[in-house]
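Before any comments, here is the structure.
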Amino acid sequence: MKLVGIAGSIADQSYNRTLLNFIAKHCKGIVDIEVLNINDVPMFSQDNDQTNTPVIQNLSAKIKAADGIIIATPEHNHTVPAALKNVIEWLSYKVHPFDGKPVMIVGASYHVQGSSRAQLHLRQILEAPGVNAIVLPGNEFLLGDVKTAFDDNGNLKDEGTVKFLDSTVKKFIKFAKVINMIDKTDDYETEDLTASGKADTTVEGVDMKADDWLDQAAKKVNAVEGDTYVKLDSGLLTVNQLNYMLKTTPIELSYVDENNQFIYYNHFLPTEKMLAKRTPAQVGDPLADVHPDVARVIKHVKQVISILRSGKQDLVSMPVPGNNETKHIMHYYKAMHDEEGNYKGVNEWVLDLMPIVNEYLKETGQMLVPDPNKKVDATAGASKKDDAPQAPTPAAKPEVDATSGASEH
């Protein structure tokens with residue numbers, strides 16, 4: 001996550017700038033914070049519009065590109081400094097980079113109140129029309145007696161203060177993720193199925209579309225294989241053992257990373273016998289090449305991934321057209337996340353539910369009967385809006401979607 005910091009003071013010796021620099025250094029392992037310079041911002045005047053000057057444009061661009069902003073304000077005469085108010089005037093006149101941005105307020109002052117009144121005033125300013133920032137509620141970090149708070153290296157000396165600051169920053173990171181997620185929830189059109197970005201699993205220097213991508217990529221990264229051990233969260237297995245286990249799992253599994261690159265499937269059945277036809281040559285392909293090149297199909301793929309990436313839903317389930325009393329094939333798309341909650345791609349599994357249902361009925365002596373009042377949800381867990389992802393309808397000679405198994409037509 002990328003944040004920017006703004007210190008409200010332009011003094012040479014600014015304790016609020018020192019506080020921001022400490023936060024940036026102390027939290028380097030969990031977030032990237034760039035402290036911006038506001039010293040050269042001109043005095044705001046509508047009669048002398050300087051919105052297009054490099055200093056204003058640079059500040060605006062940095063804030064727009066950030067996932068959130070931390071503002072450290074001193075307190076001057078019970079309110080924010082003129083320099084900070086001046087910056088906000090410029091950034092709410094003709095450009096509005098704060099609009100919809102999550103903001104965390106901190107502050108330091110010479111006395112015990114720790115800029116509490118300035119922080120309260122700043123909240124009101126940031127929520128004003130034209131600014132429209134989204135300020136983290138509560139969690140006030142008020143650093144008093146600031147002249148004695150730092151050591152010679154600019155580090156906060158009090159362990160309790162550092163601990164509270166840690167908790168506040170972590171809460172803001174979660175807050176910023178939620179705000180940014182809400183802002184992007186319905187923006188599925190921006191979902192890039194060409195895998196043109198970069199993720200932890202991206203192997204650079206190898207053509208994604210190469211039929212032998214797996215061999216080339218494995219060689220490039222010196223991938224382990226055979227009887228080499230791999231330490232997992234809850235076990236120690238060799239690569240061979242992992243393959244044995246995955247290839248005998250009676251569910252078709254596939255993995256698409258956060259860059260929308262199709263990088264794995266468990267080859268437990270020959271391609272022609274799979275519910276969702278996949279081939280070794282497709283491993284490594286961007287999703288745009290894995291799915292049929294049909295606008296409607298691509299739209300629904302984007303919708304499903306956007307729903308999962310945004311966090312609107314954690315699981316999307318979808319039946320395949322053509323299901324009947326002898327088969328009920330389902331596709332499940334589950335969002336994956338790392339320990340910090342960052343989206344890491346899609347875990348898809350495909351299975352026919354009818355053998356399981358039939359086994360249950362056999363064991364329990366029960367039977368299926370239709371419910372005349374039941375309204376079937378055609379998307380089985382996806383959004384119920386008219387433009388929600390729908391499983392395509394069957395054709396006489398369907399071209400099978402290599403990842404979802406649904407017909408192209």
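Rounded to the nearest Hz, the phi-derived 3J(HN,Hα) couplings of the range 338-344 under the Karplus curve 6.51 cos²θ - 1.76 cosθ + 1.60 (θ = phi - 60°) are 7, 5, 8, x, 6, 4, 10, where x marks glycine and proline. A simple spin-label model places pseudo-atoms 7 Å from Cα toward Cβ; at Asn323 and Lys157 they are separated by 6.7 nm.
Descending by average beta-carbon neighbour count within 10 Å, the peptides 61-67, 170-176 line up as 170-176, 61-67, the highest first. Ordering Val357, Ala210, Pro319 by Cα displacement along the dipole of the range 208-364 toward the positive end leaves Pro319 in first place; charges were set at the Cβ atoms of Lys, Arg (+1) and Asp, Glu (-1). Using only side-chain charges placed at the Cβ, +1 for Lys and Arg and -1 for Asp and Glu, the dipole size of the range 161-225 relative to its Cα centre rounds to 720 debye.
Between Pro81, Ala128, Leu165, the Cα set farthest toward the positive side of the dipole of the range 2-184 (charges on each charged residue's Cβ, about the Cα centre) is that of Leu165.
Taking 19 Å as the straight-line reach from the Cα of Lys231, the aspartates and glutamates in range (excluding those fewer than 8 positions away in the same chain) are Asp200, Asp338, Glu339.
For the chain, the solvent-accessible area with a 1.4 angstrom probe is 54 square angstrom per residue.
Among Thr161, Thr202, Thr228, the largest mean-square fluctuation in a Gaussian network model of the chain, built with springs joining Cα atoms closer than 10 Å, belongs to Thr228.
Considering helices alone, the calculated mean residue ellipticity of the chain at 222 nm is -9000 deg cm²/dmol, with DSSP H runs of length four and up weighted by -39500 (n - 2.57) and normalised per residue. For the range 4-13, 3J(HN,Hα) computed residue by residue from phi via the Karplus equation (6.51, -1.76, 1.60; θ = phi - 60°) reads 10, x, 10, 8, x, 9, 10, 5, 4, 9 Hz, glycine and proline entered as x. Measuring nothing but protein heavy atoms, the accessible surface of the chain at 1.4 Å probe radius is 52 percent carbon and sulfur.
Sorting 31-38, 6-13, 112-119 by average packing, meaning the other beta carbons within 10 Å per residue, from highest down gives 112-119, 6-13, 31-38.
Rounded to the nearest 20, the size of the Cβ-charge dipole of the chain about its Cα centre is 700 debye, with Lys and Arg at +1 and Asp and Glu at -1.
Placing unit charges on the Cβ atoms only, positive for Lys and Arg and negative for Asp and Glu, gives the range 212-356 a dipole magnitude near 360 debye about its Cα centre. Computed from Cα atoms, the angle from the helix 116-126 axis to the main principal axis of the chain rounds to 60 degrees.
Farthest toward the dipole's positive end in the chain, which of Ser9, Asn260, Gln57, given Cβ charges of +1 (Lys, Arg) and -1 (Asp, Glu) about the Cα centre? Farthest towards the positive pole: Ser9.
Accessible area ranking (1.4 Å probe, heavy atoms, ligands and nucleic acids excluded), largest first, for Ser254, Ser196, Ser92: Ser196, Ser92, Ser254. Residue by residue, the range 207-213 carries 3J(HN,Hα) couplings of 5, 4, 8, 5, 5, 9, 3 Hz when phi is fed to the Karplus relation 6.51 cos²θ - 1.76 cosθ + 1.60 (θ = phi - 60°); x denotes Gly or Pro. When its C-alpha radius of gyration is set against 2.2 N^0.38 Å (N residues), the range 198-353 gives a value of 1.08. Listed by chain and number, the aspartates and glutamates placed with their C-alpha closer than 20 angstrom to that of Lys362 are Glu325, Asp352; residues fewer than eight positions away on the same chain are left out.
The values are calculated or read from the model by the stated rules, or taken from the named source; none is laboratory data. Because the structure is predicted, anything quoted here is derived from the model rather than measured. With ideal geometry, Cβ positions are generated from the backbone for all residues, glycine too; neighbour counts draw on all protein chains shown. We work out accessible area using only protein heavy atoms, side chains counted, and drop any ligands, DNA or RNA first. Shrake-Rupley method; radii C 1.70, N 1.55, O 1.52, S 1.80 Å.
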